[in-house]
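The values are calculated or read from the model by the stated rules, or taken from the named source; none is laboratory data. Because the structure is predicted, anything quoted here is derived from the model rather than measured. Because the Cβ atoms are built from the backbone with ideal geometry, glycine has one as well, and the counts that use them run over all protein chains shown.
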Amino acid sequence: MCAMLSVNNLSISFGGLRAVDDFNIEIEKGELYGLIGPNGAGKTTVFNLLTGVYRPDEGRIFLEDRNITGLDTVEINKAGIARTFQNIRLFKDLSVLDNVKIGLHNIFTYPTISGILRLSSYFRIEKEMDERALELLKVFDLEKEKDSFAKNLPYGKQRKLEIARALATGPKLLLLDEPAAGMNPNETGELMDTIRFVRDEFDMTILLIEHDMKLVSGICEKLSVLNFGSVLSRGKTSEVLNDPEVIAAYLG
Amino acid sequence: MLNFLTYFVNGISLGSIYAIIALGYTMVYGIAKMLNFAHGDVIMIGSYIIYTSMVTWGLDPLLSIVIAAAGCTVLGIVTEKVAYKPLRGAASSLAVLITAIGVSYLLQNLALLIFTANPKSFSSVVSWDGISLAGGELKIQGVTIITIITSLIVLLALQTFIKKTKQGQAMVAVSEDKGAAALMGINVNKTISLTFAIGSGLAAIAGALLCSAYPNLTPYTGAMPGIKAFVAAVLGGIGSIPGAMIGGLLLGIIESLSKRYISTQLSDAIVFSILIIVLLVRPTGLLGKKVQEKV
């Protein structure tokens with residue numbers, strides 16, 4: 001049985017800057033894994049490499065036993081990686097329901113022509129998509145807002161909707177980029193419950209970037225610490241957080 | 001008064017044609033973030049296809065339009081694949097713009113080569129004479145009425161397609177955030193192809209209506225309406241579909257009325273002056289969204 005995600009010696013440079021240097025990670029199925037590090041350490045760059053936004057200069061990425069290195073974003077999404085964004089990137093002018101339906105596009109298909117001519121397959125598939133999207137919205141307690149524009153949702157709900165949209169694509173591995181950014185302690189507490197719930201309910205493997213140490217120490221089972229593009233420390237959360245090198249990197 | 005009404009209705013009809021062409025500009029701009037200056041020439045190619053199948057092959061007008069729409073759709077997809085797609089992302093947006101101008105000249109000169117510069121007299125695809133109102137004082141031509149109705153149908157169908165089908169929703173998603181759409185599994189290239197296909201198909205319909213109203217077909221037929229439709233799209237707010245419709249109608253009405261009341265020669269100058277004034281007052285156009293600068 002191989003790991004859900006294993007990354008070997010991943011590197012990328014922008015100009016002279018080695019943004020990610022010899023990055024390794026191994027995440028088992030069902031794990032809640034945290035990626036932490038100071039600002040500019042290369043955490044989001046790692047996410048962009050994993051999702052195919054950037055192509056790595058070196059290294060290989062395996063999702064279970066499949067080598068997904070160098071695939072483009074759509075194929076990687078199909079292979080089973082979905083993500084959220086540090087600065088929320090919902091489709092603001094689409095309704096909440098339609099945002100989730102966008103995530104379902106790869107799973108439900110019908111030819112363009114049946115959409116133009118309104119053939120029966122169009123109605124059938126659109127109905128199935130609506131039902132599936134509604135189920136997801138219910139899980140995140142968003143079904144009341146299904147018809148409002150995504151841009152009109154309060155901040156915390158926008159974060160939830162991003163997770164719902166990512167889950168709609170049917171991933172095996174969910175990447176969350178600073179899910180608690182800009183949240184107050186109450187919202188963060190609620191988010192921690194949501195993330196645990198997603199892991200248990202959807203049988204999901206989750207890798208998250210976070211600065212909020214309360215969230216990280218509260219829900220992550222394992223951690224990797226990134227500093228200047230390379231891995232400073234990795235292992236069990238409690239051990240990593242007590243590593244003197246990690247403390248030094250954080251507190252300078 | 002009747003005179004005014006005649007020119008007003010003609011203006012709406014002309015504006016409807018501009019609107020259908022402007023839809024092509026605005027959709028492609030909204031989704032691929034490029035100005036397809038060859039769009040006007042797709043209209044011309046579509047008109048030649050209709051001319052050939054109606055006059056040379058003697059086919060039914062409606063069937064000819066279907067053939068032209070299919071031909072233009074293919075033309076749109078092919079130009080996008082061959083000329084624009086390789087430049088997407090890597091090159092500056094200026095490179096795509098210049099390429100589009102190149103494609104425009106290529107299409108014009110191809111038409112010149114195949115059909116020669118001699119104007120072809122286009123026979124109207126509408127055989128209906130129209131209606132007379134106010135005891136024969138006010139005559140509205142059939143093609144005028146058909147044009148207005150067609151453009152309304154096109155607008156409604158397009159809006160429904162975009163709002164109600166997953167391909168349409170993918171277009172909205174790509175126009176808002178290409179990167180996020182791709183990460184959610186939307187095939188961006190396919191969506192852009194579809195946009196070009198729809199825009200070019202509409203161009204064929206616009207060509208049929210345009211040449212029925214102004215039956216003089218040359219390789220340069222598409223150029224001026226193309227530019228004016230572009231003005232209409234900018235006037236209404238480029239990227240906005242209702243904006244294209246409103247911009248097109250306004251432009252047509254202004255052009256028609258200034259021909260009647262001010263001067264035939266000056267009408268084009270007036271149209272373009274209005275563009276300049278609107279842009280000075282509202283740089284995003286009438287229905288355009290304000291672009292928020294990220295701080």
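Descriptive notes on the structure:
- One residue alone among A:26, A:75 is among the charged types (D, E, K, R), part of a strand (DSSP E or B) and either surrounded by fewer than 23 Cβ atoms within 10 Å (Cβ to Cβ) or in contact with a strand residue (DSSP E or B) (Cβ under 9 Å, 6 or more places away or on another chain) (or both), and that residue is A:26.
- Among the residues of the stretch B:1-18, the one identified as surrounded by 24 or more Cβ atoms within 10 Å (Cβ to Cβ) and either more than 19 Å from residue B:142 (Cα to Cα) or in contact with a Lys or Arg (Cβ under 6 Å, 6 or more places away or on another chain) (or both) is B:18.
- The stretch A:88-99, subset within 9 Å of chain B (Cβ to nearest Cβ) and aliphatic (A, V, I, L, M), residue nearest to residue B:162 (Cα to Cα): A:94
- Wholly enclosed helices (runs of 4 or more DSSP H) of the stretch A:154-252 bearing at least 2 residues closer than 30 Å to residue A:105 by Cα: A:155-168, A:185-202
- Residue in the stretch B:143-165 that is within 13 Å of another protein chain (Cβ to nearest Cβ), in contact with a Ser or Thr (Cβ under 9 Å, 6 or more places away or on another chain) and assigned to a loop (DSSP other than H, G, I, E, B) present: yes
- Yes/no for residue A:159 being in contact with a strand residue (DSSP E or B) (Cβ under 7 Å, 6 or more places away or on another chain) and either within 14 Å of chain B (Cβ to nearest Cβ) or under 24 Å from residue A:51 (Cβ atoms) (or both): no
- Every condition in (1) within 14 Å of chain B (Cβ to nearest Cβ); (2) touching a strand residue (DSSP E or B) at 6+ places or on another chain (Cβ under 6 Å) is met by residue A:221 except one, and the failing one is (1).
- The combined condition, being surrounded by fewer than 17 Cβ atoms within 10 Å (Cβ to Cβ), assigned to a loop (DSSP other than H, G, I, E, B) and either touching a Gly at 6+ places or on another chain (Cβ under 9 Å) or of a type outside the set (S, T, N, Q) (or both), is fulfilled by residue A:141.
- Checking A:88, A:102, A:113 one by one, the residue that is β-branched (Val, Ile, Thr), at pLDDT 90 or above and in a helix (DSSP H, G or I) is A:102 and no other.
- Single unsatisfied condition, residue B:289 versus (1) of a type outside the set (A, V, I, L, M, F, W, C); (2) in a loop (DSSP other than H, G, I, E, B); (3) surrounded by 24 or more Cβ atoms within 10 Å (Cβ to Cβ): (3)
- Residue match in the stretch A:227-244 (condition: among the polar types (S, T, N, Q), surrounded by 15 or more Cβ atoms within 10 Å (Cβ to Cβ) and within 17 Å of the chain's Cα centre (by Cα)): no
- Residue within the stretch A:100-116 that is buried (at least 20 other Cβ atoms within 10 Å of the Cβ), closer than 30 Å to residue A:8 by Cα and either within 9 Å of chain B (Cβ to nearest Cβ) or within 19 Å of the chain's Cα centre (by Cα) (or both) present: yes
- When A:172, A:214 are screened for being closer than 26 Å to residue A:23 by Cβ and within 14 Å of chain B (Cβ to nearest Cβ), only A:172 passes.
- Inter-residue pairs, beta-carbon under 8 Å, first facing another protein chain (nearest Cβ under 8 Å) and in the stretch A:69-87, second β-branched (Val, Ile, Thr), 6+ apart: A:73/A:51; A:73/A:53; A:74/B:186; A:74/B:188; A:77/A:51; A:77/A:169; A:82/A:169; A:83/A:51
- Test: residue in the stretch A:82-91 that is crowded, with 23+ Cβ neighbours inside 10 Å, touching a Pro at 6+ places or on another chain (Cβ under 6 Å) and under 30 Å from residue A:144 (Cβ atoms): yes
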